[in-house]
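Down below is the structure, laid out as structure tokens.
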Amino acid sequence: RCVTCRESDLKQTLEELPHTDLVITYGRSYDKMRDIVPDNIPLTSYALLFGRQKGDLELFAEGARTLHSLTEDSRVLIQEGCTLGSAHRDVGHVKIPRELRKAIGENLHIDYSYGLDLPEDISQYDLVILCAGCAISRRTVQSHIAICREAGVPIANFGTVLSELAGMLDRCMRDISI
């Protein structure tokens, strides 16, 4: 059975269920989920599932782990493939940049790109962060991966970056293998 609930009701929902096989959340909620979802219950996000379905989740995780080697002099590209509403923009324009600057430094240079194409020269970037990919095709995501590989630029997606910044990437990667 699939049960949906609000974030505010999750703790009670988990207490009421005799067994939970998996919790799927939004990547922007990892900080809250860490305190609510016990370690024995698998946890992942929509962005990680899309990363697995359309991209290369291991490669995205590898890219997210490079966050620890970035400095304030680094350049990051956040690539959004669609024009979804403000909640989506809040993740790519507010939450991720805020968390990156908190972890790396306020002077971290972040550029934004929209649509199906990456900028012509991505070799200037130390990391490319793709959106979850929910509104773009697998072919487009695979194309972005190929371009980044050819340029030698690490690539991640929103889910792997948010889970790494929350200190939960290893857990969520373990849990998504079910």
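The values are calculated or read from the model by the stated rules, or taken from the named source; none is laboratory data. Model, not experiment: these values are computed from the prediction. Note: ideal-geometry Cβ built from the backbone for every residue, glycine included; neighbour counts use all protein chains shown. Note: areas computed on protein heavy atoms with side chains; ligands, DNA, RNA excluded. Shrake-Rupley method; radii C 1.70, N 1.55, O 1.52, S 1.80 Å.
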Between residue 151 and residue 24, what is the label-to-label distance in nm when each label sits 7 Å out along the Cα-to-Cβ direction? 3.1 nm
If you take every DSSP beta bridge fully contained in the chain, what fraction is antiparallel? Give it as a percent rounded to 5. 0 percent
Kindly rank 58-66, 106-114, 160-168 from highest to lowest mean number of other beta carbons found within 10 Å of each residue. 160-168, 58-66, 106-114
Which of the peptides 97-104, 4-11 is most tightly packed, and how do the rest follow, going by the mean number of other Cβ atoms within 10 Å of each residue? 97-104, 4-11
Ranked by how many other beta carbons lie within 10 Å on average, peptides 30-40, 14-24, 145-155, 128-138 from highest: 128-138, 145-155, 30-40, 14-24
Compute log10 of I(q)/I(0) for region 67-174 with the Debye formula, placing one identical point scatterer on every Cα and leaving out solvent, at q = 0.10, 0.16, 0.17, 0.19 Å⁻¹, to two decimals. -0.26, -0.70, -0.79, -1.00
Carbon and sulfur atoms: what percent of the 1.4 Å accessible area of the chain do they account for? 47 percent
Listed by chain and number, the lysines with an alpha carbon less than 17 angstrom from that of residue 32, same-chain partners under 8 positions apart left out, are 11, 95
Using 0.36 nm per residue, how much length does the chain from residue 120 to residue 138 gain when fully extended, once their Cα-Cα distance is taken away? 4.4 nm
How much accessible area per residue does the chain have, in Å², with a 1.4 Å probe? 54 Å²
